[in-house]
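Coordinate-derived values only; no laboratory data. Values in this document were obtained by computation on a predicted structure and should not be read as measured data. Positions of Cβ are backbone-derived with ideal geometry, glycine not excepted, and every protein chain shown enters the neighbour counts.
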Amino acid sequence: MQSNEIRSAFIDFFEKRGHQFIPSSPVVPIADKTLLFANAGMNQFKPIFLGDETPDHPRAVNTQKCIRVSGKHNDLDVVGMDGFHHTFFEMLGNWSFGDYYKPDAIAWAWELLTEVWGLDKDRLWATVYTDDDEAFKLWPDVTDISKDRVLKFGEKYNFWEMGETGPCGPCSEIHYYIGDDPKNQSAKGVNSSDDYWELWNLVFIQSNRNADGKLKDLSQKHVDTGAGLERIVSVMQNKSSNYETDLFSPIIQSIEKITGINAKDNPSPFHVISDHIRMLCFSIADGALPSNGGRGYVLRRLLRRASRFGRMLDQREPFMFELVDTVGQIMGDVFPEVVEKSAHIKKVVQAEESMFNDTLDRGLVHFDKSLDASSGKTIPGKDAFKLYDTYGFPLDLTMLMARERGYSVDEKGFETEMAAQKKRAKASGKFTADSGSLDWVNLSKGKDSKFLGYETMESESKVRRFASSKDSIHLVLDKTPFYAESGGQIGDKGTINGKGITLKVENTVKDGKSHIHICSGKWSESALKSVLSSSVDGPRRQNIRKNHTATHLLNSALKVVLGEHCQQAGSLVHPDYLRFD
Ligand code: GLY
């Protein structure tokens, strides 16, 4: 059976048993701040499990696009090391929202696997949570599994949670022996040997993990299941690795065509690249973009890992963007977004590849030097930091390369270098305000910070309050022409003068609605009580204004060139330059 047929058969089986098909949610969660990426089929049903929403239908079936590269479920480090873990994968699932429970969930999973798909019962194992005597007894009651193939495990394997908080419960997994010698199977191999693959997880959702770590019973009991499509396809297609199935082999063939290298000669780079390009295609199609922080940095890390594996296949120019169409050919019928957005995905991937290619070779040279210079088998933190800071090597890439050579990385040393750099960056912005830690002295009463800066660059102002520190004095005025740093636009500089007062405004920042002028120069408390003349550095403001306009123009141009899906994630508007995220 082809993967498309297997996926359809799963959906069909559960639709016939009263389940409503619900499309996959995007991999970039829309409303759930606890997740960077959708990591399970149940994510979109979380409000139903928690009782915050009522479902249209008590049973659902779907195939969910999942990414497991961060947080509680993170498979990144094993991708490429085995044939059955992926950064991106599809999770088939069936759900009961307060409807059927353990007996039906177990019986249907077994029926589909053994009767419809004809998997060998003598290769299948079931596991249940240590305390779940009900499920332990049900397995031989509602299926014809042999009793000695039902095993109990503790929390690590058989209590499922989506993250640090959220709906959870005991689970029952179905494992398949994929090895060559079925007679050599043993209960000891389950959850310990790579010859036993977890195919399906039946979670009996009955609690919610609160932020304080405590479990609270939900008002209803639910079923949440997850079956990895890629592994099921492998088993059904008689393969011993997901990379040999029709979900991956066309991508691997495309890489062979581009590189002129046979995957059999060195499979690992082919596996990593084909895995990572799927993740990149789906996350970019769903609105994520590579960047230096949060979700975007996960994409950048993956792309840089894949680029470095590309170097192992002698690829010096961008090449991964050429794989986007192949991903679309394999999965576009089910997830049309990878085809509809393919032009955008290609542009983003190619631009990222080009950017990293510029520093990758020099970084590789530095990496080799740091191996030579390291005492023992540990790469010093300062070298790992230089690779990160100067050559753009994410720490996990350096660690992976180190592992390949039998080295480790001094992670603590890396963190120390990182903290030192952050401190330096903070010190270089010494005229920033931490108004909460200052002692403010009130000089006049009334509203403050009436902003005049759109009409004028100068004003006569009274000081409402001030606070002094070693290097600077902070002033809040009744009215001000100074624009305060916000929305990515830098604050104004200029002067504030009066009798006995000669101040340079080094920066203007906001504290709530108040504009704080951070100044250096000559002042006294008594002189601050008179009326002062405030004057913004006009030419500087004019340059900021130009870069502000240029940011809007760039935003429009990007939408024209790349498409309407382009989203501005942030910007920095400075007198000398602008940065557009
Ligand atoms: N929600 C079930 C699983 O992800 O395994």
What span do the alpha-carbon atoms of the range 55-117 cover on each of the three principal axes, reported in whole Å from largest to smallest?
38, 30, 17
For the range 448-581, with +1 on Lys and Arg beta carbons and -1 on Asp and Glu, the positive-most of Leu532, Phe482, His552 along the dipole
Leu532
So, by mean Cβ neighbours within 10 angstrom, what's the order for 401-411, 313-323 with the highest one leading?
313-323, 401-411
Just in the range 152-236: which GluC sites (Glu not before Pro) are loop by DSSP and have at most 15 other Cβ atoms within 10 Å?
Glu164
For the range 49-63, take each phi angle, set θ = phi - 60°, evaluate the Karplus expression 6.51 cos²θ - 1.76 cosθ + 1.60, and give the result in whole Hz per residue in order, putting x for glycine and proline.
4, 7, x, 7, 9, 9, x, 5, 9, x, 10, 9, 9, 6, 10
Of the candidates Asn74, Asn94, Ser186, the farthest towards the positive dipole end of the chain (Lys/Arg Cβ +1, Asp/Glu Cβ -1, centred on the Cα centre) is Asn74
The chain, dipole about Cα centre (Lys/Arg Cβ +1, Asp/Glu Cβ -1), debye to the nearest 20:
3220
Give the average over all directions of the projected area of the C-alpha convex hull of the range 218-373, one decimal, in nm².
13.1
Which three lengths, in whole Å and largest first, does the range 429-567 cover when its Cα atoms are put on their principal axes?
58, 30, 27
If packing is taken as the mean number of other Cβ atoms within 10 Å per residue, what is the order of 115-128, 271-284, highest first?
271-284, 115-128
Report, in listed order, any pair from Lys341/Lys559; Lys462/Lys499; Lys137/Lys214 with a Cα-Cα distance greater than 22 Å.
Lys137/Lys214
Whole percent per 5 Å bin, from 0 to the bin with the longest distance: what is P(r) over all C-alpha pairs of the range 158-305?
2, 8, 12, 12, 14, 17, 16, 10, 6, 2, 1, 0
If unit charges are put on Cβ atoms (+1 for Lys and Arg, -1 for Asp and Glu) and the dipole of the chain is taken about its Cα centre, the option from Thr225, Ala211, Ser241 lying farthest towards the positive end turns out to be Ala211
Between Asp333 and Gln567, Cβ-based FRET efficiency (R0 45 Å, step 0.05) works out to 0.95
Beyond 23 Å, how much of the Cα-Cα pair distribution for the range 285-379 remains, as a whole percent?
37
Among the listed pairs Lys121/Lys188; Lys46/Lys72; Lys72/Lys264; Lys33/Lys346, give every one whose C-alpha distance is greater than 24 Å.
Lys72/Lys264; Lys33/Lys346
State, in angstrom, two size descriptors of the chain derived from its alpha carbons: Rg to one decimal place and Dmax to the nearest whole number.
29.6, 96
Sort 447-456, 11-20 for me by packing, meaning the mean count of neighbouring Cβ atoms within 10 Å per residue, highest on top.
11-20, 447-456
Among rounded, prolate and oblate, which fits the range 1-113 when a ≥ b ≥ c are the square roots of the eigenvalues of its C-alpha gyration tensor, a/c under 1.5 means rounded, and a/b larger than b/c means prolate?
oblate
Would you mind working out the magnitude of the charge dipole of the range 201-301 relative to its Cα centre, with +1 at each Lys and Arg C-beta and -1 at each Asp and Glu C-beta, to the nearest 20 Debye?
300
Separation of the range 370-430 and the range 75-101 by C-alpha centroid, Å?
33
Principal semi-axes in Å for the range 130-195 [√(5λ), Cα gyration tensor, largest first]:
24, 17, 9
